[in-house]
Amino acid sequence: MNEVQKDQLLDEVQNLWDNRSRFVTITCVDLVDEFDLIYSFDHNMELVNFRVKADKDRPFISISGIYAASFLVENEIQDQFGLKFENLEPDFKGFLLLSQDGPRTPMLRKVGERGKQEDVV
Amino acid sequence: MQMLATVLNNLFKRPVTREYPYRYREPFRSSKGRLVLDMRECIMCTACEKRCPAGAFEIKRKEGLFKFDPYSCVVCGACVEACPKKCLDVDSDWRKPVGEMRTEIWHIEPPAKVKSPAGAETP
Amino acid sequence: MSFAFSVAGILAAPFLGGLLAGLDRKITARLQGRKGPPIIQPFYDVIKLFGKESTYTNRHQVFYIYAYLLWMAMALLLLLTLQDFLVFVFALTFAEISLALAGFSTRSPYSHIGSNREILQILASEPVLVFLAFALYLASGSFMAGGLFLLGEPLLRNFPLIFAAVLLILTIKMRKSPFDLSSSAHAHQEIVRGVTTEFSGRYLALSEIAHWVELVIILFVVFLFWVDPWWVGILLALAAYLAEIVIDNIFARLKISWMVATAWGWGFGLSLLNILYFTM
Amino acid sequence: MSFRTIIPFGPQHPVFPEPIQLKLAVEDEKVVEAIPGLGYVHRGLEKGAELNDYVKNIYLAERVCGICSFIHSWTYCSCIETLLQVEVPPRAEFLRLVFSELSRVHSHLLWLGLYADAFGFESLFMQCWRVRERSLDMQEAGGGGRVILSTCTIGGMRKDLDEDMRRAFIKEVAEIRRDFQQIMTPFFEDYSIKKRTVGIGVLTKEDAQSLGAVGPVLRASGVAGDTRLLGYGPYREVDFEPVVEAGGDCHSRGKVRVREVLRALDLITQALERLPEGEIKTNFRGKLNGEVFQRMEQPRGEMLYYVKAGSNRSLDRFRIRTPTFANIPPLLKMLPGCDLADVPVIVLSIDPCISCAER
C-alpha cells in the first residue's frame with residue numbers, strides 16, 4: 001500500500017476524481033502515537049488504497065470539497081477518534097453518531113501500565 | 001390492474017397465514033431451536049465457556065458450579081462442537097415463552113484431575 | 001318515512017357501519033391471502049379505545065370531534081327522513097370540515113398536512129354530490145330525496161354516468177387506494193396517520209364511529225340510485241362496496257394533485273355530460 | 001405564497017421503521033432540504049470486535065445486520081482465511097454461494113414488499129412477503145435459522161447439504177421462481193405504480209459515480225458496478241452477469257431488484273447443480289498476520305471489510321463499510337425537489353438498513 005504525505009493528499013484525491021474513480025471509504029486506525037488513515041477508492045472495479053499518517057492533536061484536511069460523499073465517514077471518524085477535519089461540509093461537530101451526553105471518542109486506545117494496549121473506559 | 005388476477009385467486013384459496021400458536025408447526029430437522037444440556041457426563045473442562053461468543057456459561061470448577069443462561073444463548077452451536085464429552089446438543093424445537101427468565105444452575109462434583117481438550121485450533 | 005324509523009336508523013347506523021368495516025377487513029385479508037380478524041373486530045377496537053385514558057391536545061379538538069359526529073348523524077337524519085338533498089350535502093360537508101378543523105387545532109405538522117389533504121378531498125368530492133342533487137331535481141322536479149320513490153323508474157336508468165362519478169368519489173370518501181391520502185386504515189403513510197394523528201382514546205373512538213356513519217351515508221347515496229324495489233338498491237350498494245375493496249387492493253396510493261385532477265376531470269366531465277344528455 | 005415547515009421523518013415513523021431521522025424542510029408539500037440524523041442504534045460492534053477472540057467475531061459480524069447476515073460472516077471468514085492463508089474446499093465455497101444468494105432473494109423480496117407498502121399497495125406487499133417466507137423456510141431447513149444461520153466458519157462451512165436436501169432445494173427454487181413470476185409483473189407494468197415511481201428520485205449516472213452509490217442504486221443508474229464481477233469465491237465459475245437499468249429513478253431501482261431476484265435464483269440452481277463433492281471444512285493452524293481489505297456484494301450493494309491482525313488472537317482494527325452508509329449521500333441528493341408523498345418511496349428505494357450503517 002502506497003503512503004502519501006499529508007500535503008499531497010488533495011492532489012492525489014484530485015487525480016482520482018479526474019480519472020472518474022468512485023469514493024469507497026476512509027478507515028482510521030489508531031496507532032497509539034498517531035493515526036493511520038487509509039483511503040479507499042474504486043477505479044474500474046479495482047480497489048485503490050493509500051495510507052496517510054495523521055497527527056493526533058492537529059486537525060486534518062477534509063476531502064469533502066472534492067468528494068462530497070466523504071462527509072459521512074469523516075464525521076464518523078471525528079466522532080469516534082476525535083480527529084478534527086478542516087473544511088468539512090456539513091460538519092456535525094462530533095455529534096453525528098454520539099449524543100450530547102454520551103461518551104467521547106469511544107474508539108481510541110491507550111497504552112496501559114503493563115505495556116499492552118488497553119482500552120479507554 | 002396487473003394484481004387483479006392474483007387478488008381474486010387469493011379470495012378463492014385457503015389463506016396462507018399460519019395459525020401459531022393454535023396450530024403447532026413441526027420444526028425443520030436442522031433448526032437450531034434451543035440448547036439442551038445433559039450434565040451427567042460433564043467433566044467441567046470449560047471448553048464451552050471459552051468458545052461461547054455470548055458469554056452464556058459461567059463455570060467455577062473449584063466450587064463445582066455450572067451456570068447456563070439460556071436467555072444469553074444465541075444457539076450458534078459453537079459449544080456443541082467444542083464439548084469433548086458431547087453433553088451439549090442443539091434441539092430443533094424452539095424455546096417456549098416464559099414468565100420469568102431463570103439461569104440454569106448445576107452443582108457437579110469435579111473430577112480429580114481435569115485436562116483441557118487439546119487439538120487443532122478449530123472454532 | 002316515519003320518525004321512529006329515522007331514530008332507529010340513526011341508532012343502528014354505527015352498528016351497521018362497524019359490521020361493514022369488519023367485513024371490509026375480512027375481505028381485504030382474504031384478497032391478500034391472509035386469514036383476517038373476526039368480523040366484529042372494529043367493535044373490539046372501539047371498546048378498547050373507550051377504556052383508554054382520555055387525553056386531548058386542546059378543548060377545540062374535542063369540540064370539533066363531537067361536531068364531526070353530530071353533523072354526520074344530522075346528515076344521516078336528513079337522508080333517512082328524505083329531506084332536501086342539498087341540505088344533506090351541506091351537513092355532510094360541515095361534518096368533514098369539522099374533522100379537518102380538529103386536525104388543524106393541534107400543532108403536529110403531520111396532522112396539519114392531513115387536514116390540508118382532507119380539505120382538498122372535500123373540494124374534490126362534494127361537487128359531484130351537488131351534481132347528483134341537480135340530477136335529482138331534473139328527474140323529479142324537486143331537491144327532495146323523497147321524490148325518488150315516486151319516480152317510478154330508478155335514477156340509474158337516466159343517470160348512469162353520474163353513478164360512475166359517485167363510484168369515483170366513493171373511493172375518496174371511503175379513504176381507500178388510490179385515494180387514501182388524508183388518513184387511511186393502514187398507518188403506513190408519509191404523514192403518519194394524517195388528520196387523526198393527534199386523536200387518542202375516547203376521541204379517536206368517536207371519530208371512528210363517525211366514520212362508520214359516513215360509510216353508511218355514502219352507501220345510502222348509492223342505494224338512492226335504485227330505490228324501487230328496495231332490495232335492488234341494497235344489492236347495488238353492496239356490489240359497489242365490494243368493488244371498492246377490490247380496487248383498494250389493486251392500486252397504489254396516488255398523489256393529491258392527481259386525485260383532484262381525476263375527481264374534477266372525470267367527476268365533472270361525466271356528470272355534465274350526463275346532465276346535458278338528459279336535458280337535450 | 002409558501003412557508004417552510006420542518007417535518008421530522010423518523011426516527012420512528014410508520015412507513016420507515018428504521019432509526020434514522022431526516023429533517024425535511026417542506027414548502028407546500030415540496031421538499032427543499034433534507035438533513036440526516038444518525039446514531040440512534042450505534043452498537044459499537046467494531047470496538048467490540050477488537051476486544052474479542054477473532055473466532056468469536058464470526059458471530060459478531062453476522063449480527064451487524066439481520067437481513068444480510070450470511071454475507072457478513074462470509075466476508076469476515078474470508079478476511080481471516082486470507083490472513084491465515086487457509087484454502088477453503090470447493091464444496092464449502094459453493095455452499096456459501098447458495099446461502100448468500102438465498103439471502104439476496106429474501107432481502108430483495110422483503111424490500112419489494114416494503115417498497116410496495118411505501119406507495120400504499122398493501123396487497124402486493126403481502127404477496128412479496130408470502131413468497132419470501134418460502135426462502136426463509138429454505139434457510140431454516142438448510143442452515144438452521146431463519147435469518148441468522150451461523151453456518152459459515154473459518155475454513156469452510158459447519159453444515160452440509162445432503163443429497164435429498166440438495167434435490168429438494170432445486171425443486172423449491174423452481175417453485176419460488178414460479179410464485180414470484182406471478183406477482184412480479186406489477187413492478188414493471190402496473191399503471192399506478194408507474195405513476196408513483198417513474199421519474200421520481202432521479203440519480204444521474206455522473207451523480208451516482210461521484211457520490212459513491214453502490215449496489216442496485218448504482219446499477220439502476222446505468223453503471224455495471226457489481227463486486228461479484230471480481231470473481232471472489234465461486235463466482236468466477238458460474239455464469240453471472242450484473243443487472244443494469246438505465247433510468248436512474250425509483251422505477252428502475254425496483255426493476256433492478258426484481259430482475260436480481262430471478263438472477264439470484266438462477267445462480268442458486270447453477271451452484272446446486274454443480275455442487276462439487278468433498279470436504280466442507282479445512283482445519284487450520286497459525287497466527288494472524290498483516291492486514292486485508294475484502295469487498296463483497298451484499299443485497300444492498302458493495303460492502304468493504306478491513307481487518308488488521310493484532311497480537312494474541314485479537315484484532316487491532318476491524319472496520320466494516322456497509323452499503324447503506326455509502327448510499328446515504330446519494331439519497332440526500334435525490335430528496336430535494338420531490339413531493340412529500342414521494343419521500344417514503346425515494347428513501348426506501350436505496351433499500352436503507354440504518355442498523356447496518358451504524359455498526
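Give a quick list of trypsin sites (Lys or Arg not before Pro) in region C:1-95 that DSSP marks as loop, anything other than H, G, I, E or B, with at most 16 other Cβ atoms within 10 Å.
In loop regions of region C:1-95 (DSSP not H, G, I, E or B), the sparsely surrounded trypsin sites (Lys or Arg not before Pro) are C:K35, C:K52.
Lys and Arg at +1, Asp and Glu at -1: add these up for the other residues within a Cβ distance under 11 Å of B:S92 and post the number.
-2
Under unit Cβ charges (Lys, Arg +1; Asp, Glu -1), what dipole magnitude, rounded to 20 debye, does region B:32-107 have relative to its Cα centre?
Computed about the Cα centre, the dipole is about 160 debye.
Give, as a single signed number, the net charge of other residues whose beta carbon lies under 12 Å from the beta carbon of B:K60, with Lys and Arg counted +1 and Asp and Glu -1.
Neighbourhood net charge equals 0.
Helix C:160-173 versus the longest principal axis of chain C: what angle, 0 to 90°, nearest 10, using Cα atoms?
10
Count, for each residue of D:47-57, the Cβ atoms from other chains sitting within 10 Å of its Cβ, then give me the mean as a whole number.
For this peptide, the per-residue mean of nearby foreign Cβ atoms is 3.
Pull out a ≥ b ≥ c, the square roots of the eigenvalues of the alpha-carbon gyration tensor of the protein assembly as shown, then state rounded if a/c is under 1.5, prolate if not and a/b is larger than b/c, and oblate in the remaining case.
Here the protein assembly as shown falls in the prolate category.
On a straight-distance basis, which aspartates and glutamates could pair with B:K50 in a cross-link, Cα separation under 13 angstrom, same-chain partners fewer than 8 positions away excluded?
B:E58, B:E81, B:E121, D:D53
For the interface of B with C, what's the total buried accessible surface in square angstrom, probe 1.4 angstrom, rounded to the nearest hundred?
1000
So what is the calculated 222 nm ellipticity per residue for chain C, using -39500 (n - 2.57) for each DSSP H run with n of 4 or more, over all residues, to the nearest 500 deg cm²/dmol?
That calculation yields -23000 deg cm²/dmol at 222 nm.
What aspartates and glutamates could a cross-link reach from A:K84, if we take a straight Cα to Cα line under 13 Å and drop same-chain neighbours fewer than 8 places away?
Counting by Cα, and skipping residues close in sequence, A:K84 has these aspartates and glutamates nearby: A:D55, A:D57, A:E74, A:E76.
Take the alpha carbon atoms of region D:115-166, find their center, do the same for region B:1-54, and report the distance between the two centers in whole angstrom.
12
Please name the residues of region A:22-44 whose accessible area, counted over protein heavy atoms with a 1.4 angstrom probe, falls by no less than 40 Å² between the chain alone and the full protein assembly.
Those residues are A:R22, A:V24, A:T25, A:T27, A:V29.
Which entries of C:K176/D:K23; D:K171/D:K195; D:K255/D:K308; C:K35/D:K56; D:K56/D:K333 show an alpha-carbon separation above 32 angstrom in the structure shown?
Correct reply: D:K171/D:K195; D:K255/D:K308; C:K35/D:K56; D:K56/D:K333.
Just grab the label-to-label distance for D:K47 and C:F50, each label 7 Å out from Cα along the Cβ direction, in nm (one decimal).
Calculated label separation equals 5.3 nm.
Using a 1.4 angstrom probe on heavy atoms only, work out the carbon and sulfur share of the accessible area of region C:11-101 in %.
71
Give me the aspartates and glutamates in straight-line cross-link reach of C:K52: C-alpha distance below 15 Å, same-chain residues under 8 apart excluded.
C:E198, C:E208
Let me make sure I get this right: for region B:26-72, a, b and c are the square roots of the gyration tensor eigenvalues over alpha carbons, sorted descending. Under 1.5 in a/c it's rounded, otherwise prolate if a/b > b/c, else oblate. Which is it?
The shape class here is prolate.
Enter the angle in degrees (range 0 to 90, nearest 10) between the Cα long axis of helix D:250-273 and the first principal axis of the Cα atoms of chain D, meaning the one along which they spread out most.
So the inclination is approximately 20 degrees.
Please give the total accessible area that chains C and D bury against each other, computed with a 1.4 Å probe and expressed in Å² to the nearest 100.
That pair hides around 2400 Å² of surface in total.
Could you state the number of Å between the C-alpha centres of region C:2-50 and region D:194-210?
Region D:194-210 and region C:2-50 have Cα centres spaced 43 Å from each other.
Take the alpha carbon atoms of region D:284-315, find their center, do the same for region D:247-269, and report the distance between the two centers in whole angstrom.
What the calculation gives is 29 Å, centre to centre.
Which whole-number percentage describes the relative contact order of region D:174-289, with Cα contacts under 8 Å and a sequence gap of 6 or more?
26
Could you sort out which of A:K93/D:K287; B:K96/D:K47; B:K67/B:K96; A:K53/D:K281 sit more than 30 Å apart by Cα distance in this structure?
As for pairs spanning more than 30 Å Cα to Cα, those are A:K93/D:K287; B:K96/D:K47; A:K53/D:K281.
Which residue, C:F149, C:W258, C:L224, has the largest displacement toward the positive end of the dipole of region C:3-279 when charges sit on each Cβ (Lys, Arg +1; Asp, Glu -1)?
The residue sitting farthest along the positive end of the dipole is C:W258.
Per residue, how many Å² of accessible area does region D:240-359 show with a 1.4 Å probe?
Solvent-accessible surface per residue comes out at 27 Å².
Below 8 Å, C-alpha to C-alpha, sequence gap of six or more: please give me the relative contact order for chain D in percent.
26
Buried accessible area for the B:D pair, summed, 1.4 Å probe, in Å² rounded to 100?
2600
Compute the angle between helix D:90-118 and the longest alpha-carbon principal axis of chain D, please, reported from 0 to 90 degrees and rounded to the nearest 10.
Orientation of helix D:90-118: about 20 degrees from the principal axis.
Residues of region D:103-125 losing 30 Å² or more of accessible area relative to the isolated chain, 1.4 Å probe, heavy atoms only?
The answer is D:D117, D:G120, D:F121, D:E122, D:S123.
The values are calculated or read from the model by the stated rules, or taken from the named source; none is laboratory data. Source: prediction; values computed, not measured. As a convention, Cβ positions derive from the backbone with ideal geometry for all residues, glycine included, and neighbour counts pool all protein chains shown. Remember, those area values only see protein heavy atoms, side chains included, never the ligands or the DNA or RNA. Shrake-Rupley method; radii C 1.70, N 1.55, O 1.52, S 1.80 Å.
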